[in-house]
Amino acid sequence: MSEFKQNMRALRPLWTGLPIIAVCTGLGLTAAWQYLRYATPMYESTAKIKLADVNEGVLNTTLLKNLDAFSGDNRTSAEVELVRSSLLMGRALDRLDFDLSAYRVGKVRTTEMYRASPFTAEMKVANPKWTEQPFDLRIDAAGTVQVTAPSGEMTQGQVGQVLRLSGAELRIGRNDSLLKARPDISLADHYQLVQHDRARLLEDIASHLDVISTDRNVPVLRISYQSAVPQKASDLVNALSEVYLDDYLAIKYKVVNSAAETIGAQIKDVRRTLAHSEDTVEQYRDMKRIVNIKQETDTDLHKVSELKMQRANLQMSLAAANDLYRYMTDGKKSALELAPNFEAFNDMLSTDIVKKIKDLQAEKHDLLLRFTPEDEKVKTVDMKLADLNGYLLESIRNTRTNLTIKSHELDRAIAQAQGAFVGLPTREKNLTILQRDFQLNEKLYTFLREKATEAEIAKATPTSYHRIIAAGLVPTEPTSPHRTFVLVLSGFLGMLVGTLLVYLLSIVRSTPGDADGVQKETRTPLAAIIPHLGRGLAGRLAFFTQLATRLALKGMLAPGTKLVVNAFTEKEGQAFFFEHLRQALVAKGLKLRAITLRDASSPNPEAQPDEILLVQNLPLNQDSHALAVMSGATVNLVVIDGRATPTSRLAELDLLIQEFALPNVQLCLNRDGYAPGPLRVLAMRLGRLFSTRRATRPATEPVAMPLGGLDLDLQS
């Protein structure tokens, strides 16, 4: 079977079950229409608030950034919870008339009037059990007011009077402004009053209130509220927005004022601490005689370094003088032969003395050439040399002594200069501590002075940088129920239920439908497949003539054959098949004897060797005698209908064949693939219902009467 045929076979129940689907869809739409008629519509109003930007306005000063109490960074999630809080909703309700609700009682439903009420009501309920309970109110044309409490207690009075009950008292007045503006509204009518409990009222409002952020990165709050009264929805979102802004401004400036006072007190304490730090640093500098420790330390280090350099030079000179003195002292007897090192003793006087000594030595050498050493002239020169040598030695000794004294003086000067470094780390540490305390106090004082200035600026500009960018408008169209959506959804669900019901019925009333469906359900072969042939007798006869030829080729119409036509019920086309096959066999000129069994007492002869016996058997579901007839047949043709025979009959037939060993059983499928439209089926059933012409058959007839003159479609 092709894919197209499979798809058509799956969709066939939809085509035949269109009336059921249409009825279910209609019922769904009707139910939706009734629901929309009686359901209370809900209206939604929305307001939007832009939160203050962290970089906007005076509130974004350094004060507000550094102190957490003044933080301008409002997290949207926290603001959402603030708007939904009972605190702000309670303040909003204080501005509205939501605590007392007035309803007009109608025949179909009760409607809340809110500001459209033709009367004003003031109620005080002392009995807590009467809150959230309706008080029945009736006003007649004369202005008489009759009130019935929830407990059944009644009181009566006139408009404008105070009416007292055991647990409540109320006063009903005329709403003259509305009655003048709306002359079509009448005061006389049936009403209900409900005094709400504030806690329950807050819960009810919270259940219909939606506060969200429009976007995660955009600081904008969207406040929406649903109510059966459009004006009520608008009033609540607007009141809640105003209360939120007022609360934000009050809290911000309450904190600013408190901070300004705290900062002022801190400034006084820090000023005293700063003055004490200044005095402490001053006293320590005076006591330690400190001007600038760094400069003084650098100067002292430089001085000590210079003194040490002088001492080093002096010590080198002293060492050279000591060496020269020791050299001169050790060689005193041969002083004229000595050659001292004057590298460290080279002043002009010493140089001149040495020069004179050398001159005298040269003169002595000259005199010794002429005179003896004992000569007066030679001795005079020796005396002069001795005097110069002694003078030189004494000069060296004095120089050495002088250098030693200078060395000691330099040591004392160095020690004195190094004494300035004793206790220097302690002085530096103490001074650093005092200066650090002073700097901290100075920075704190400067910071507080800046904050005090900013707080004064913030106090002088009482402006909220939250803004209402969209006020809640009075809605004109309800948000729920959505008429189009409800109708479309109800119609779709009705159609879906109808489709499921059609397929369920098709499963319960499963029929073969066509040859493929028959072959899937049974192993019994198909001998004939008969389409729907309509009402044309010529076309029917031609088809059955061809069918007789195919049956003859299969060996089912040989002389002496007893051909029994069977069916489970009379509605499967057994008579149609029998009659038209009989006519086709007669038209082919075959010797035929045809009989119809009416009951178990009907004769059931055997076929003669030179004839074909065609028997219309009893329905299988009426009499077990039909199985005996089938057992004595040469060929058994079982007529099943593609639309009327349940699929379970095919399995039942297989069991009968196996149990009773029925000979040569084959199927004849009537109305193969026939699926008329629902209108056509309805027309055919109406035709059968109102038809009064019925065919009458004798109990036993050798040759069946022709049925061609009847208008009934016996194939079905």
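Of all aspartates and glutamates in the structure, those lying under 18 Å Cα to Cα from residue 48, and not within fewer than 8 positions of it along the same chain, are 79, 81, 210, 215, 235, 242, 246, 247.
Relative to the current alpha-carbon distance between residue 204 and residue 406, full extension at 0.36 nm per residue lengthens the span by 62.0 nm. The local environment of residue 163, defined by Cβ-Cβ distances under 9 Å, has a net charge of +1 under the rule Lys, Arg +1 and Asp, Glu -1. Per-residue extension of 0.36 nm, minus the Cα-Cα distance of residue 156 and residue 611, leaves a gain of 153.2 nm for this segment.
Listed values for region 387-399 are Karplus-derived 3J(HN,Hα) couplings in whole Hz (6.51 cos²θ - 1.76 cosθ + 1.60, θ = phi - 60°), namely 4, 5, 5, x, 5, 5, 5, 5, 5, 5, 5, 5, 4, and x replaces Gly and Pro.
Using the structure shown, select from 356/379; 124/254; 50/232; 252/451 the pairs with a Cα to Cα distance greater than 27 angstrom. Pairs exceeding 27 Å: 124/254. For residue 427 and residue 353, the difference between the fully extended length at 0.36 nm per residue and the C-alpha to C-alpha distance is 20.9 nm. Under a 5 Å amide H cut-off, with hydrogens placed 1.01 Å from N, residue 175 pairs with 119, 120 among residues at least 5 apart or on other chains.
Within the chain, antiparallel bridges make up roughly 70 percent of the DSSP beta bridges whose residues both belong there. In the frame of its principal axes, region 510-690 has Cα extents of 50, 39, 32 Å, reported largest first.
Counting Lys and Arg as +1 and Asp and Glu as -1, what is the net charge of the other residues whose Cβ lies under 10 Å from the Cβ of residue 105? Don't skip to the answer; put the middle values down first.
On the way: positive: 104, 107, 109, 138; negative: 136, 189.
Around residue 105, the surrounding residues sum to +2.
Computed FRET efficiency, Cβ-Cβ of residue 546 and residue 33, R0 56 Å: what is it to the nearest 0.05?
Details: r = 56 Å, r/R0 = 1.01.
Plugging the Cβ-Cβ distance into 1/(1 + (r/R0)^6) gives 0.50.
Spin-label model, residue 537/residue 327: points 7 Å from Cα along the beta carbon direction are separated by 17.7 nm. Across region 351-367, coupling constants 3J(HN,Hα) worked out from phi with the 6.51/-1.76/1.60 Karplus curve, θ = phi - 60°, read 5, 5, 5, 4, 5, 5, 4, 5, 5, 5, 4, 5, 5, 4, 4, 5, 5 Hz, and Gly and Pro carry x. Residues in region 660-666 carry Karplus couplings, in order, of 9, 6, 5, x, 6, 8, 9 Hz; the curve used is 6.51 cos²θ - 1.76 cosθ + 1.60 with θ = phi - 60°, and Gly or Pro positions show x.
In straight-distance terms, cross-link reach from residue 308 covers every one of the aspartates and glutamates whose alpha-carbon lies under 13 Å from its own, apart from those fewer than eight places away in the same chain; here that gives 300, 409, 411.
Taking the charge dipole of the chain about its Cα centre, with +1 at Lys and Arg Cβ atoms and -1 at Asp and Glu Cβ atoms, the residue from 281, 224, 319 reaching farthest to the positive side is 224. Work through the residues other than residue 293 whose Cβ is under 13 Å from its Cβ and net out their charges, Lys, Arg +1 and Asp, Glu -1. Net charge around residue 293: +2. Note on region 513-528 and region 603-661: Cα centroid distance 17 Å, given to the nearest whole angstrom. Which aspartates and glutamates does residue 129 reach when only Cα atoms under 12 Å apart count, and residues fewer than 8 places away in its own chain are ignored? Within reach: 197.
None of the figures in this text is laboratory data; all of them are computed from the coordinates on show. As the structure is a computational prediction, the values presented were derived from the model and not from experiment. A quick note on method: Cβ atoms are made from the backbone with ideal geometry, for glycine too, and the neighbour counts reach across all protein chains shown.
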